[in-house]
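The values are calculated or read from the model by the stated rules, or taken from the named source; none is laboratory data. Just so we're clear, the structure is a prediction, and the values are computed from it rather than from any experiment. Here Cβ is always computed from backbone atoms with ideal geometry, including for glycine, and neighbour counts include all displayed protein chains. Ligands, DNA and RNA are stripped out before the accessible areas are found, and what is left, the full protein with its side chains, is counted by its heavy atoms. Shrake-Rupley method; radii C 1.70, N 1.55, O 1.52, S 1.80 Å.
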Amino acid sequence: IILVGNNEASKIYIRNKELACNYVGIEVDKYLLDEETKEEYLIELINKLNSDNKITGIILQSPVPSQIDFNKCSGLINAKKDVDGFTKENIYNLYLGVDTILPCTVKGIIKLLEEYKIKISGANVVIVGRGNIVGHPLSLAMLNKDATVTIAHSKTNNLKDITQKADILISATGIPHLIKEDMIKENATIIDVGVAKIDGKIIGDVDFLNVSKKAKYITPNPGGVGPMTVAMIIDNLIFMYERGINNG
């Protein structure tokens, strides 16, 4: 795990990832780099880890300081070691619908739905949020599962008209309580991915208290998608390790 800078939230995320790895017996090396670290040094470190056969997976924690291009540097991670599934090769494989390393939040959402036997195939899935970490890759993953997918976002006109048609509604905007009770249909499944912090308290995209009265299934926030994302880091690492063994 590589962290550049002193982002406090990132430190918490890293700690959670490390605890999960320790729990299942995966060894973790952390590279905690200064806020002033130059991009050239980070690239050199990534190349070194790419060529180290003892390293199964690499994570570059986001965000990074302004002097570093996150997309460029994360894109240099060997696709076979790309735990987060963000390299061009893995995203392209997702686009093609072939075997790939799924982004951890996307994979966690799908695992949640499958665990509770919530049918994806044929379902109307509305994703509110168009980011590269959740919205875009999730739309591809859902299409690959034969869902009918609509992507909306915070600037969508008549958002309520769209969300009310969703069998499965997934919101990932970071706008507190964007999704209200009157925006969902009866017995819909609601996945709350967005995170905002108000007065030190984590607030999701969904007005949980009221929406939960109408939804059939709903994830808490915090405590829903977040732990699943961490769990899928482990899942991806095991998949990558086994694939490496099978490929010699």
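Observations
- Extension gain, Gln164 to Asp199, is 9.5 nm, computed as 0.36 nm per intervening residue step minus the present C-alpha separation.
- Solvent exposure of the chain amounts to 54 Å² per residue of accessible area, where only protein heavy atoms count and the probe is 1.4 Å.
- Only DSSP H runs of four or more residues enter the estimate; each adds -39500 (n - 2.57), and after division by the residues of the chain the mean residue ellipticity at 222 nm equals -11500 deg cm²/dmol.
- The angle between the Cα long axis of helix 8-24 and the longest principal axis of the Cα atoms of the chain comes to about 80 degrees, rounded to the nearest 10.
- Residues Asn22 and Tyr92, FRET efficiency given R0 of 51 Å [Cβ-Cβ distance, rounded to 0.05]: 0.95
- Beta bridges per DSSP, both residues in segment 81-235: antiparallel share near 15 percent.
- Once C-alpha pairs closer than 8 Å and six or more residues apart are averaged by separation and normalised to the residue number of the chain, the relative contact order reads 15 percent.
- Long pairs among Lys81/Lys111; Lys107/Lys180; Lys38/Lys201, criterion Cα-Cα beyond 28 Å: Lys38/Lys201
- Of the peptides 173-179, 88-94, 19-25, the order by per-residue mean of other Cβ atoms within 10 Å, starting with the highest, comes out as 173-179, 88-94, 19-25.
- Helix 135-144 axis, angle to the chain major axis (alpha carbon atoms, nearest 10°): 80 degrees
- Take the Cα of Lys216, step 7 Å toward its Cβ, do the same at His153, and the gap between the two points is 3.1 nm.
- In loop segments of segment 147-248 as defined by DSSP, the GluC sites (Glu not before Pro) with at most 14 further C-beta atoms inside 10 Å of their C-beta are Glu186.
- Note on Ile12 and Lys72: their simple-model spin labels are 3.1 nm apart, each label 7 Å out from Cα toward Cβ.
- Helix 39-50 and the long axis of the chain differ in direction by around 80°, with both axes built from C-alpha atoms.
- Percent of alpha-carbon pairs separated by more than 33 Å within the chain: 21 percent
- Treating r as the C-beta distance of Glu35 and Ile238 and R0 as 25 Å, the FRET efficiency rounds to 0.15.
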